[in-house]
Amino acid sequence: MTVSLTNSKAVYQGIKDAGVRFLTALPETWLVYLLQMAEDDPEMTLIEVAKEEEAIGIAVGAYFAGKPNLLLMQNHGFLAAINGVVSLSMLYRVPLCMLIAHRGHWGEPYPWHTQGGIVTEPVLRSLGIPFEYARDPAKVGKQIREAHTFSLSSLSPVALLLSRDLMED
Amino acid sequence: MKRAKCIEAIYSELQDKLVVTIMGACAQELYDLGHCENFFYLEHAMGLASSIGLGLALNLPHERVVVMDGDGSVLMNLGTLTTLARYHPPNLTHIIFDNGSLLSTGGFASHTTAGITDLAAIARGAGIKNVALVSTPFDFIEATADAFERNELSVIVAKVEAVGPDHYGMDLKLPENAFRFERYIKEHSKIRTE
């Protein structure tokens, strides 16, 4: 199995169509094409972090600055960033739009991803973070726009889980 | 050298800058000098003040951003120094008040106590070129004046005593601080571009 270039393009177009011009990310296999497209796009600023919790702070700074932005990370990175999500975004009511590669679930061949994959949805539910799964390249653009809009109107973190169906060929 | 005296010494210089502080003593000491709409106090999420400062500085190149950090917070997010170094916004000054103590959470010794860990060396090793290590008020004022003038990312590690205020509390709810800070930026940057 390989990462889908075609569907990555659909995701990236969705990000652009949402008006986002600032991305904070930590590289991960499913996000490779997305990050390459961001690097090659003169309209986009891409900030790569050392650990995902940093990205929460950077995204909040970008929001304060009035810059439409979102985060790209793996679900394990989301798990590593939870205190930032809770004690910055939720505590201060700052919007956060997260695109999360949902590794370690149905069809996952790699054992090391599985525990994070299994707990991602229950953790999102327990935190009260609204989320949806993105599975269809024809719909993902609309889902990204809606996630971004909803984060801004609800002043809340919002997650769109990028699924295997979408990200792999 | 006391942190409160350092903050007081540069307070007038902060009026036209975006200021992000960490929780506890640092936030309280700045607040007690008089809250300004351009101050954001990160009362939790330890380690992320510098990350917020980075997000601000990269997106507001015409503004000056000052982060007031502490050794305990920086130790929780050492990766931030590498990210700051990589993107090095020229309009960001990162002040780290190093009291060698987790003062606001019981005064336990941090890893910087008695010089075991050298945060200035870590900042330099991360790739930040302009790093100052100061331990007197004169040197602190000189280092901040230099940082505010120059068009380069600066880190100032200020060795201070492990003492804080005798009271805590603000007449400012946390989301209110965020809403007002955002509004200040919106209105202020509008003025700048007009």
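Just so you know, all these numbers are worked out from the coordinates, no wet-lab data involved. Remember, it's a predicted structure, so these values are computed and weren't measured experimentally. No Cβ is skipped: glycine too gets one built from the backbone with ideal geometry, and neighbour counts run over all protein chains shown.
Annotations
- Working from the Cα coordinates of chain A, the gyration tensor eigenvalues give, after taking √(5λ), semi-axes of 21, 19, 14 Å in decreasing order.
- For chain B, relative contact order (Cα pairs under 8 Å, six or more residues apart, normalised by length) works out to 25 percent.
- Pairwise Lys count, region B:3-193 - Cα closer than 25 Å, eight or more residues apart or different chains: 9
- Contact order normalised by residue count of chain A, Cα under 8 Å, 6+ apart, percent: 28 percent
- Shown here for region B:1-91: GluC sites (Glu not before Pro) in loop regions (DSSP other than H, G, I, E, B) with at most 16 other Cβ atoms within 10 Å, namely B:GLU37.
- For the peptides B:47-54, A:114-121, residues were scored by their other Cβ atoms within 10 Å and the scores averaged per peptide; the highest-first order is B:47-54, A:114-121.
- Per residue of chain A, the DSSP helices (runs of n ≥ 4 H) give a summed -39500 (n - 2.57) that works out to -14000 deg cm²/dmol at 222 nm.
- Applying a DSSP loop filter and a limit of 11 other Cβ atoms within 10 Å to the GluC sites (Glu not before Pro) in region A:1-64 leaves A:GLU43.
- Around A:GLY14: net Lys/Arg minus Asp/Glu count, Cβ-Cβ under 12 Å: +2
- Where chymotrypsin sites (Phe, Trp or Tyr not before Pro) fall in DSSP loop in region A:30-111, at most 12 other Cβ within 10 Å: A:TRP106
- Approximate shape of the protein assembly as shown as ellipsoid semi-axes (Cα gyration tensor, √5λ), whole Å, largest first: 36, 21, 19
- Residues whose placed amide H lies under 5 Å from that of A:ALA134, excluding near-sequence neighbours: A:LEU161, A:LEU162, A:SER163
- Length, then width, then depth: along the principal axes, the Cα atoms of region B:3-193 run 47, 37, 30 Å.
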